[in-house]
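The values are calculated or read from the model by the stated rules, or taken from the named source; none is laboratory data. Bear in mind that the values here come from a model prediction, so they are computed numbers and not experimental data. Here the Cβ positions follow ideal geometry from the backbone for every residue, glycine too, while neighbour counts run over all protein chains shown.
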Amino acid sequence: MVLTLLPTLSLPVSRATAFLLGTPLKSFRSHHPLLRSLLASASSLSAPPTARSLITMASASIPARRDLLMLGIETSCDDTAAAVVRGDGEILSQVIASQSDLLVKWGGVAPKMAEEAHALAIDQVVQKALDDANVSESDLSAVAVTIGPGLSLCLRVGVHKARNIAKVFRLPIVGVHHMEAHALVSRLVNKNLDYPFLALLISGGHNLLVLAQNLGEYVQLGTTIDDAIGEAYDKSARWLGLDIRKGGGPALEELALEGDPNSINFRVPMRQHKDCNFSYAGLKTQVRLAIESRNLRTDDIPISSATEEDRQLRANIAASFQRIAVLHLEDRCQRAVEWALKLEPSIKHFVVSGGVASNQYVRARLNDIAEKNGLQLVSPPPSLCTDNGVMIAWTGIEHFVAGRFEDPPLADEPDDMQYDLRPRWPLGEEYAEGRSVSRSLKTARIHPSLTSMTQSSLRS
């Protein structure tokens, strides 16, 4: 979009750049040196490409734009993160402040406590990201920030910081969808990854199967109807008395290596439902009952103090849980591959991202699904699977080059402004065969999907 719209400064530019943050239409500002260079590079084009090719062309030009510098800020849940990334994908810095101690203390994410922790850490995290990259705010081309989905209290901290920087240094802002960022960070690590591709996004709060058709355009094949796999890992790890300071998922994965995965006959969820949706609430209950039936005193005896027999029982539960949890993923992903290939026969890649994608057992099993169907599994390194600023910065770069960003905030924008946060923000439109009635009933305060907003802007 940037190649044809920027030279004319036509109204669709303002709509395309404003839609992500839902701000009023404002005149486009071209004072920034990088934006002037984009205008100059576009002025020689004689004929506009189609809407689909516009985005593809913009994405393909990213590696040549080393002068583009994006600051990414992420505060959607329990980690305060920031990073600086060049337009060609070079990561100049990555900083994360963890709230692991709070997770242990409160037994999970406590939104108000998480907000306060973000507020205490955000200035230092952003400054360290700039310092590590050896740049200042005035060197940046734009600021990207997560605006949803996530916890409203936490999202507000990151958005407030991003808008303050953008206001003071007159920088454009890119509002980023957290789950799209998990999907697109794979395009940073694998430059051959092009649309369309299938993506499984798995974390503590999300289970999402999507067909990525283009930047900002997704078909939702399946989602969770209750708990996500990461939540099931975390709760099971806590019930087993594991040390979760470095995350419940990694702790359970490590213990499972000592256990017999066939020792407990847990049931695979939703085998009777021939769709791509997920459910982990029932498996969590099965784990809790298995612990209780074996009289394991996991509440007052941590794994570090357990007897050899006790430890083996816990390891067997962990291994059996992991086998069934991942088998549920395999069932759904196999059907999603079939649906995706029916919709887009040219698919060559299967992306697996999100915090749970760091699990080596998960990767190995899903790689089998990919190979079975003639696809290449693409998964970011573990440091880019969990929530991070790099994925926000990179997604910001992709949208920025496509012409989708907001002008710098007005100089008199009040500090107590009510931001357009999107705690419940669907990524794509539901595929008809994958629609979940139980999930679809939960529609209160849901924003229009990113896909519908993108398509609306392209029609403007």
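Structure values in brief
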read-out	value
First in the stretch 199-226 and of a type in the set (Val, Ile, Thr), second anywhere and assigned to a strand (DSSP E or B), Cβ under 6 Å, 6 or more apart	210/199; 210/218; 210/220; 219/211; 223/208; 224/207; 224/278
Residue match in the stretch 213-230 (condition: assigned to a helix (DSSP H, G or I) and in contact with a Gly (Cβ under 8 Å, 6 or more places away or on another chain))	yes
Meets criteria (at pLDDT 95 or above and not in a helix (DSSP H, G or I)) for residue 233	no
Residue within the stretch 411-422 that is of a type in the set (Phe, Trp, Tyr), in a loop (DSSP other than H, G, I, E, B) and surrounded by 24 or more Cβ atoms within 10 Å (Cβ to Cβ) present	no
So residue 342, is it without any contact (Cβ under 8 Å) to a residue 12 or more places away in the chain, closer than 23 Å to residue 374 by Cβ and not small (Gly, Ala, Ser)	yes
Subset of the stretch 246-301 [loosely packed, with under 15 Cβ neighbours inside 10 Å, in a helix (DSSP H, G or I) and β-branched (Val, Ile, Thr)]	285
Residue within the stretch 427-444 that is at pLDDT 95 or above and either assigned to a helix (DSSP H, G or I) or closer than 15 Å to residue 147 by Cβ (or both) present	yes
Contacts under 6 angstrom Cβ, first residue in the stretch 305-318 being touching a residue at least 24 places away in the same chain (Cβ under 8 Å), partner of a type in the set (Gly, Ala, Ser) and part of a loop (DSSP other than H, G, I, E, B), 6 or more apart	315/259; 316/259; 316/263; 318/259
